[in-house]
Amino acid sequence: MGIATILLDQGLITSEQLEMALMEHRETGERLDQVLVKRGMVRDDEVTRAIGEQFDLPVIDLTEVAVTDEVLQAIPPQIVFRQRCVPIERRPASNGSPGALRVATADPFDLSVFDELRLMVGCPIELVLAEEEELRNFIRTHYGVGGDTLEAMSRGRGDTDIADDELDAEASEAEAAQEASVIKLVNELLFEAIDSRATDVHIEPYENKLSVRYRVDGVLQRANVPPTIHSFGSAIVSRIKIMASLNIAEKRKPQDGRITVRRKGQEFDLRVSVIPMLFGEGIVLRILNKSAVLMTLDDLGMPEHIVTTWDKLISRPHGILLVTGPTGSGKSTTLYGSLNRIVSEEIKAITVEDPVEYHVGGVNQIQVNHKVGLDFAAGLRSILRHDPDVIMIGEIRDKETAEAAVQASLTGHLVFSTLHTNDACGALPRLLDMGVEPYLAASSVEGVLAQRLVRRVCDQCAEKYTPEASELPEGVSLEPGEQLTRGAGCKNCFQTGYRGRVGVYELLRVNEPIREMVMDRANAAKISRQGLQDGVLSRLQDDGLVKARRGLTTVSEVMRVTTV
């Protein structure tokens, strides 16, 4: 009985779907079950169960398998990569006979391969089935991302180092970077980062290793790549530079570029920064999902009392509203969500951004271009002649941009922008440090929103627990019997206990006493005390702790992100 017959008998596919899949199978030669899965006619796990029934093989969950290094070494890596099978367990020996080696595969069709494998390892082979995706993840976890490509490259290269030809190093590097194996390796690294929901990829050269790390949910974690990747560091750098249209011969100066890639129907914009370091060139790629859906303030986790006050501020006819926080804290996303709440046929909104991360309907968006002199200040001066009601400046970085923003707000425009400060109260002294006159800053700034992103507790492995008193920050206590939530760690969250992020917020509404303090050049601490006394300041940590008590995040995560 074939797989198709089993799937038909179980009612998982229809005769019409089978006929369509058979036509594609005949045209491409692709396995029938893989065509069915690719076309969404049946799930991977359903096909695996059907194959198990056809071959009378047990189906296992590879995510629950713990395997020793000794077992992993039973089959050479090149065989694992080529045959897509993995050793998972060594059965105990009995009656002088060697114990069987349990091998997981998603493709048991060519049984002669496993006969050869039995001869190679010198013991019986016991086959079990696993889902294709689980098998790929298992191989990536235990043999490294791009392990099969690096294995093939190492065999093909022998003892010769890629791009190490002293006579013509530049030509050699360009040639190496265009090799199919290097292209495949770089693609695997980038796609693994995208699939892991990473926002940044760090490729860092050291004397005896090449480090690859992904920033996922705001935290850097080491990518699982084989140690042999170090030998191909220069080829990887050259390939990325070619993709970003950079000069591969220039190794002494920093360079910036961009790459556009498509993955699973979505388009991603990769911002590339290359900097020469002691043992080679280091690369950081910022990943922006151009297909991402614009998030609302409610999606971001802004609490209701802050949304109410913020809505009043963004409905004003003029003034400056600032969003502050470190890089990657979601400031731009908050500004986009705010713009989206007020844009209408009656309001003209223009932005100057670097880069334009989302396309907002009804908003005129300008991309900064430093090569032609179009920076934030120049863009702001130009758009004032376009009769806007609302202006968004990506970031206030210098005195010129700050003064232009102030002048725009004083001439009847509502100005949104971002600023790099630790909290909301630090924004006003920061403007004064940039050179803005105190009376101008005091009369133009209406409100400052500070924010951070904390990791969400994974909803697949969330569990309640009673924390020790030492785990809670000073001054915080729980009600008798009250419990908090944490993630135990599972395959959904890569065993971290967290998946996704949510914002925590702090809002300062500028009132008359605070304006007077700005005129007197008061520091952030004094402004904070006045804001709390007047009830116009809500604090970051307070919002974070509320979210921890609601089970959205953990206390330790709130303290990690909000402690300054």
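Cβ separations smaller than 9 Å between residues 6+ apart or across chains give no pair from region 398-424 residues that are under 15 Å from residue 383 (Cα atoms) and at pLDDT below 90 to residues that are open to solvent by 10 Å² or more (accessible area, probe 1.4 Å) and assigned to a loop (DSSP other than H, G, I, E, B). Take the conditions open to solvent by 50 Å² or more (accessible area, probe 1.4 Å) and closer than 23 Å to residue 344 by Cβ and apply them to residue 433. Does it pass? No.
The set of residues in region 459-493 being under 30 Å from residue 138 (Cα atoms) and assigned to a loop (DSSP other than H, G, I, E, B) consists of 459, 460, 461, 488, 489, 490. Scanning region 222-250 for residues that are of a type in the set (Gly, Ala, Ser) and assigned to a loop (DSSP other than H, G, I, E, B) turns up 223, 244, 245, 249. Only a single item in (1) out of contact with any helix residue (DSSP H, G or I) (no Cβ under 7 Å at 6 or more places or on another chain); (2) over 12 Å from residue 351 (Cα atoms) is not met by residue 365, and it is number (2). Of the residues making up region 197-226, those that are modelled with pLDDT of 90 or more, in contact with a Gly (Cβ under 7 Å, 6 or more places away or on another chain) and over 25 Å from residue 329 (Cβ atoms) are 205, 210.
Residue-level check: of (1) within 19 Å of the chain's Cα centre (by Cα); (2) farther than 30 Å from residue 231 by Cβ; (3) in contact (Cβ under 8 Å) with a residue 40 or more places away in the chain, residue 353 misses just (1).
Based on what the data block shows, is residue 344 crowded, with 18+ Cβ neighbours inside 10 Å and closer than 29 Å to residue 536 by Cβ? Outline the logic, then answer.
Details: crowded, with 18+ Cβ neighbours inside 10 Å: no; closer than 29 Å to residue 536 by Cβ: yes.
It is false that residue 344 is crowded, with 18+ Cβ neighbours inside 10 Å and closer than 29 Å to residue 536 by Cβ.
Among the residues making up region 468-489, those that are more than 11 Å from residue 555 (Cβ to Cβ) and of a type in the set (A, V, I, L, M, F, W, C) are 469, 488. Cβ separations smaller than 8 Å between residues 6+ apart or across chains give the following pairs from region 248-274 residues that are open to solvent by less than 50 Å² (accessible area, probe 1.4 Å) to residues that are in a loop (DSSP other than H, G, I, E, B) and among the charged types (D, E, K, R): 268/290; 269/290. Within region 210-225, the residues that satisfy the criterion of being polar (S, T, N, Q) and open to solvent by 60 Å² or more (accessible area, probe 1.4 Å) are 221, 224.
For region 198-209, filtering for residues that are buried (at least 16 other Cβ atoms within 10 Å of the Cβ) and either within 19 Å of the chain's Cα centre (by Cα) or farther than 15 Å from residue 274 by Cα (or both) leaves 7. Among the candidates 548, 488, 522, the residue that is over 23 Å from the mean Cα position of the chain (by Cα) and of a type in the set (Gly, Ala, Ser) is uniquely 522.
If you go through region 61-84 and pick out every residue that is hydroxyl-bearing (Ser, Thr, Tyr) and part of a loop (DSSP other than H, G, I, E, B), you end up with 1.
Check region 126-139 and report whether any residue there is free of Cβ contacts under 8 Å to residues at least 60 places away in the same chain, within 25 Å of residue 5 (Cβ to Cβ) and open to solvent by 50 Å² or more (accessible area, probe 1.4 Å). Walk me through it before giving the result.
Step one: list which residues in region 126-139 are free of Cβ contacts under 8 Å to residues at least 60 places away in the same chain, which gives 126, 136, 139.
If we keep only those that are within 25 Å of residue 5 (Cβ to Cβ) as well, we get none.
For region 126-139, residues free of Cβ contacts under 8 Å to residues at least 60 places away in the same chain, within 25 Å of residue 5 (Cβ to Cβ) and open to solvent by 50 Å² or more (accessible area, probe 1.4 Å): absent.
Of the residues making up region 396-412, not a single one is part of a loop (DSSP other than H, G, I, E, B), open to solvent by less than 10 Å² (accessible area, probe 1.4 Å) and more than 20 Å from residue 310 (Cβ to Cβ).
Somewhere in region 275-288, is a residue within 16 Å of residue 334 (Cβ to Cβ) and loosely packed, with under 14 Cβ neighbours inside 10 Å? Within region 275-288, not a single residue is within 16 Å of residue 334 (Cβ to Cβ) and loosely packed, with under 14 Cβ neighbours inside 10 Å. Against the definition (surrounded by 14 or more Cβ atoms within 10 Å (Cβ to Cβ) and of a type outside the set (Gly, Ala, Ser)), how does residue 541 come out, yes or no? Spelling it out, residue 541 is indeed surrounded by 14 or more Cβ atoms within 10 Å (Cβ to Cβ) and of a type outside the set (Gly, Ala, Ser).
Of the residues screened, residue 535 is one that is more than 21 Å from residue 555 (Cα to Cα) and open to solvent by less than 70 Å² (accessible area, probe 1.4 Å).
Does residue 529 satisfy the condition of being part of a helix (DSSP H, G or I), without any contact (Cβ under 8 Å) to a residue 24 or more places away in the chain and not β-branched (Val, Ile, Thr)?
Working: part of a helix (DSSP H, G or I): yes; without any contact (Cβ under 8 Å) to a residue 24 or more places away in the chain: yes; not β-branched (Val, Ile, Thr): yes.
Yes: the conditions hold for residue 529.
Flag: residue 387 matches the condition of being open to solvent by 30 Å² or more (accessible area, probe 1.4 Å) and either modelled with pLDDT of 90 or more or of a type in the set (Ser, Thr, Tyr) (or both).
Just to check your reading of the model, which residue among 562, 553 is closer than 30 Å to residue 61 by Cβ and open to solvent by less than 50 Å² (accessible area, probe 1.4 Å)?
Only one candidate passes the filter, namely 553.
For region 41-60, what are the residues that are out of contact with any Lys or Arg (no Cβ under 8 Å at 6 or more places or on another chain), outside any helix (DSSP H, G or I) and open to solvent by 20 Å² or more (accessible area, probe 1.4 Å)?
Kept after step one, since they are out of contact with any Lys or Arg (no Cβ under 8 Å at 6 or more places or on another chain), are these residues of region 41-60: 41-58, 60.
Subset that is outside any helix (DSSP H, G or I): 41-43, 56-58, 60.
Selection gives 41, 43, 56, 57, 58, 60.
Going by the conditions given, is residue 116 outside any loop (DSSP other than H, G, I, E, B), among the charged types (D, E, K, R) and open to solvent by less than 60 Å² (accessible area, probe 1.4 Å)? Give the derivation first.
Working: outside any loop (DSSP other than H, G, I, E, B): yes; among the charged types (D, E, K, R): yes; open to solvent by less than 60 Å² (accessible area, probe 1.4 Å): no.
Answer is no for this residue.
It is to be established whether one or more residues within region 226-240 are under 22 Å from the mean Cα position of the chain (by Cα) and open to solvent by 40 Å² or more (accessible area, probe 1.4 Å). Scanning region 226-240 turns up no residue that is under 22 Å from the mean Cα position of the chain (by Cα) and open to solvent by 40 Å² or more (accessible area, probe 1.4 Å).
Out of 510, 504, 476, one residue alone is at pLDDT 95 or above, β-branched (Val, Ile, Thr) and more than 30 Å from residue 193 (Cα to Cα). It is 510. In a residue-by-residue description of region 58-71, the property of being out of contact with any strand residue (DSSP E or B) (no Cβ under 9 Å at 6 or more places or on another chain), at pLDDT below 85 and over 27 Å from residue 494 (Cβ atoms) applies to no position.
Filtering 321, 339, 313 for residues that are in a helix (DSSP H, G or I), closer than 21 Å to residue 539 by Cβ, among the aliphatic types (A, V, I, L, M) and open to solvent by less than 60 Å² (accessible area, probe 1.4 Å) leaves a single hit, 313.
The values are calculated or read from the model by the stated rules, or taken from the named source; none is laboratory data. The shown structure was predicted, so the numbers you read here are calculated from the model rather than taken from an experiment. Note that each Cβ is placed from the backbone with ideal geometry, even for glycine, and that neighbours are counted across all protein chains shown. The area values use the complete protein model at the heavy-atom level, side chains included, leaving out ligands, DNA and RNA. Shrake-Rupley method; radii C 1.70, N 1.55, O 1.52, S 1.80 Å.
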